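Report on the following structure.
The values are calculated or read from the model by the stated rules, or taken from the named source; none is laboratory data. None of these values were measured; they are calculated from a predicted model. Note that each Cβ is placed from the backbone with ideal geometry, even for glycine, and that neighbours are counted across all protein chains shown. Ligands, DNA and RNA are excluded from the accessible area calculation, which covers all protein heavy atoms including side chains. Shrake-Rupley method; radii C 1.70, N 1.55, O 1.52, S 1.80 Å.
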Amino acid sequence: MIRKISFATVLFFLTGTATFSQIPVYLDENKPVEQRIDDALSRMTLDEKIAVIHAQSKFSSPGVKRLGFPDFWTDDGPHGVRPDVLWDEWVQAGQTNDSCVAFPALTCLAATWNPEMARRYGESLGEEALYRGKSMILGPGVNINRTPLAGRNFEYMGEDPLLASRMVVPYIQGLQSKGVAACVKHYALNNDEEYRHQVNVIVSDRALHEIYLPAFKAAVTEGKVWGVMGAYNLYKNQHNSHNEILLNRILKQDWGFDGIVVSDWGGCHDTDEAVKNGLDLEMGSWTDGMVMGATNGYDRYYMALPYKRLIQQGKYSTSELDEKVRRLLRTFYRTTMRGDRQVGFLCSESHYKAALDIATEGIVLLKNDAVKDPSKGRNVKSTLLPIDLTGMKRVLIVGENAIKMMTVGGGSSSLKAQKEILPLDGFKALAESLSPGTVVDYARGYVGDTIQSFDGVTVGRSLYESRSADELRNEAVSKARQADCVIVFGGLNKSDFQDCEGHDRKEMGLPYGQDELVAALVEANPRLVFVNISGNAVSMPWIDKVPAVVQGWFIGSESGEALAAVLTGQVNPSGKLPFTWYSRLEDCGAHALGTYPGVWRAGHDIIDEEYREDIYVGYRWSDSHKESKPLFAFGHGLSYTSFQLGKAVSDRQTMKADDKITFTVSVTNTGGKAGSEVVQLYISDLKSSLPRPVKELKGFRKVYLEPGQTKEISITLGRDALSYYDDSIQDWVAEPGQFEALIGTSSDKILSKVKFILE
Ligand code: BGC
């Protein structure tokens, strides 16, 4: 519903006499926004200006009530709208109208490789946020997956700057099209969680610009994002919430960012730096020795009374303050002060549908080898997936993750979902409708974490378990012997050290004895599918014995339904990995070089983390270290049908500096099921002055095909796709010479190559 009454009209009704010419400029929707900002600014007192640039509660800052600017409400983000918390405490307020749709975690969104899904994600989330009265959603996150241990990778969009850029832009555009600001986070270099307040990142300018900044840059220059959150960590010894280089120089000067820089909660540490280095809104500080608990002492924030006093004492003029307030006012006009602001809606059918579609498109079929099928004859082999239930008497589901709600936990992205279909329930419901005679049995198999609440939100199902690990394993193994097939829902969860904010994982292996369990189960019944629930890669020492593996992410409200649909073939999987799935931790550059988590600086509370692998992150590392062959490559993902690519061609053999070059390739569905394939285009610079990765993703296109259908797809690149960042001149360089476009369906499945020359 559109609120059609403008502020001007309200004023008219209130005063009864006002005419449109008497409307103050700042309320006049016919006046340019910048003029309205000037007018509002000129009417504000020093106290009002100081008030709008820092928090008044855990998630809000005050507007300017006297002038009609309402409170500014932020909320996490990024997977749904977080439940309201008490004014000055983290615990949820216990409202009855703040349950939400939990959308799939951003790793799953990235795994769809489908920007249209990102747009739908943003729009649906925006509608939920509107209904909940939020002006800004604290997300999306686009920090690069540099190590599979990083606790918050599940909130981010993978390891590749181009993929993350292409996915973050429509998310932001969708969200902001609803009049809700996005706040892209955590800017920048917040690539792991351990010691996140103390890490000082040391990275080359080249890696900064080629790997860690592009998605933020795209968010600003293409997505036109209205908010950016400064990260907790430091860069060049300065906290990122008031970092001169990152905020003033790169974000605001080079990229022309005109929105607000919001500190991460408690990320501001110094008035002088905050005033000078581009911070606009200070949130969550714990000044004067206060802690992260109940009271935050908002007046004592760095940008509150201490700042006001320094202005009064003449240390600062109000020019920095006015600039910050100007940005805040601009954000008000983009959000709550919009005349056409809608009301939004919560938990609607269309939001659930979006959550389901994103989930099913993001699930990745990692492995699907043929295995003996006794029901079809002694030596007949076929793939286990999609599971054909009709011939099956008994399917055994194993694993805590089949019954654990994953929308609760993990840190600030934790939600109060109106519903979350658990994998066991989703599978049972679908099995009953597809094959009523099939028994779906369950065995827990292992106990992970039985904690059942986060900030006062409790999970619906008790996870209490009194049996020992041996008893649980034995039960699962003996039931596996009686089953036609076994599906294990394992992986990580959102408990501390298992894909959770605040800490990283301690190892790449699966926790809670799952490796031993899987090995015992597959010994008892080789017809086993492992569904991994996580936002990160895990090592799989049993991989050669297990025929089918699915990456199920944290996929929110529709988890059970989405996973069941893919496992049984109601939906043909089309997700592709947004990161490299290393076999071992040492196969990842950051760990191979021993640069993680860094080195404590003697006598300081700072840990220096040097990104010595430089630009060689993810597949850029694996491609040039053949001994580090990944278990599953970046961009990998199977389907229940097969695809064939024709020979790729380009529209020109040589390109001049300002030319574009277009590559075209045909894709045919050669199998028996409709499905989607992602065509991926990587560029290889055959000879360059600086060392370059073997290849870099520069374009992709997802294409849906009926069986037998062929489509031609084209990808156009400009000179920017050929460039590298040259530290010595602090600029991008597209060096003339020979290049090769490598076109395939994953980073390790290149099917066609086209050489061309940049003149
Ligand atoms: C997190 C942010 C989050 C904020 C508010 C911080 O601890 O790092 O991502 O938006 O809290 O909950």
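Computed 3J(HN,Hα) for the stretch 334-341, one whole-Hz value per residue from the Karplus formula 6.51 cos²θ - 1.76 cosθ + 1.60 where θ = phi - 60°, is 7, 10, 5, 9, 6, x, 9, 4, glycine and proline marked x. Within a straight-line Cα-Cα reach of under 18 Å, Lys276 can be paired with the following aspartates and glutamates, leaving aside sequence neighbours fewer than 8 residues apart in one chain: Glu244, Asp254, Asp258, Asp264, Glu320, Asp322, Glu323. If R0 equals 51 Å, the separation of the Cβ atoms of Lys419 and Asp254 corresponds to a calculated FRET efficiency of about 0.70. The length gained by stretching the chain between Asp651 and Glu116 to full extension, at 0.36 nm per residue less their Cα-Cα distance, is 189.9 nm. Amide H to amide H distances under 5 Å link Glu29 with Ala8, where only residues 5 or more positions off or on other chains count and H is placed in the peptide plane. Taking the DSSP beta bridges with both ends in the chain, the antiparallel portion is around 60 percent. Per-residue 3J(HN,Hα) values for the stretch 111-116, derived from phi via the Karplus relation 6.51 cos²θ - 1.76 cosθ + 1.60 with θ = phi - 60°, read 5, 6, 6, 10, x, 5 Hz in sequence order (x marks Gly and Pro).
Between Phe72 and Ser61, Gly63, the built amide H atoms are under 5 Å apart, and every one of these is 5 or more places off in sequence or on another chain. For the cross-link pairs Lys647/Lys687; Lys31/Lys224; Lys178/Lys252; Lys629/Lys687; Lys404/Lys494, the ones whose C-alpha atoms lie over 18 Å apart are Lys647/Lys687; Lys31/Lys224; Lys178/Lys252; Lys629/Lys687.
Summing Lys and Arg as +1 and Asp and Glu as -1 over all other residues whose Cβ lies under 11 Å from the Cβ of Lys31 gives a net charge of -4. A Förster distance of 56 Å, applied to the separation of the beta-carbon atoms of Lys315 and Ser462, puts the FRET efficiency at 0.45. Let me make sure I get this right: for the chain, a, b and c are the square roots of the gyration tensor eigenvalues over alpha carbons, sorted descending. Under 1.5 in a/c it's rounded, otherwise prolate if a/b > b/c, else oblate. Which is it? Note, shape of the chain comes out prolate. With the Cα gyration tensor of the stretch 214-289 giving a ≥ b ≥ c as the square roots of its eigenvalues, does the rule (a/c under 1.5 for rounded; else a/b larger than b/c for prolate; else oblate) give rounded, prolate or oblate? Taking the square roots of the gyration eigenvalues as a ≥ b ≥ c, the stretch 214-289 is prolate. Once the dipole of the chain is set up with Lys and Arg at +1 and Asp and Glu at -1 on Cβ about the Cα centre, which of Tyr446, Leu384, Gly460 lies farthest towards its positive end? Result: Leu384, furthest along the dipole toward the positive end. In this structure, the amide hydrogen of Glu735, modeled 1.01 Å from its nitrogen in the peptide plane, lies closer than 5 angstrom to those of Tyr724, counting only residues at least 5 positions away or on a different chain. Spin-label pair Gln482-Glu432: with each label point 7 Å from Cα along the Cα-Cβ axis, the two points sit 2.1 nm from one another. In this structure, Lys65 and Thr295 have a Cβ-Cβ separation that, at R0 = 35 Å, corresponds to a calculated FRET efficiency of about 0.90. Electrostatic tally near Tyr298: other residues with Cβ closer than 12 Å to its Cβ, Lys and Arg +1, Asp and Glu -1, net -2.
Taking a ≥ b ≥ c as the square roots of the eigenvalues of the Cα gyration tensor of the stretch 641-759, is the shape rounded (a/c under 1.5), prolate (a/b larger than b/c) or oblate?
The shape class here is prolate.
Lys656: which aspartates and glutamates have alpha carbons under 18 Å from its alpha carbon, excluding same-chain residues fewer than 8 sequence positions away? Counting by Cα, and skipping residues close in sequence, Lys656 has these aspartates and glutamates nearby: Asp685, Asp720, Glu735, Glu740, Glu759. Derived scalar couplings between HN and Hα for the stretch 674-691 equal 5, x, 10, 10, 10, 7, 10, 10, 10, 10, 10, 8, 6, 8, 9, 5, 9, x Hz in order, rounded to whole Hz, by the Karplus curve 6.51 cos²θ - 1.76 cosθ + 1.60 (θ = phi - 60°), x for Gly and Pro. Summarise the accessible area of the stretch 641-759 (1.4 Å probe, protein heavy atoms) by the percent that is carbon and sulfur. The C+S portion of the solvent-accessible surface of the stretch 641-759 is 47 percent.
Extension gain, Glu471 to Thr670: 0.36 nm times the residue separation minus the Cα-Cα distance gives 66.9 nm. Over the chain, dividing the summed -39,500 (n - 2.57) contributions of all DSSP H runs of at least 4 residues by the number of residues returns a 222 nm mean residue ellipticity of -6500 deg cm²/dmol.
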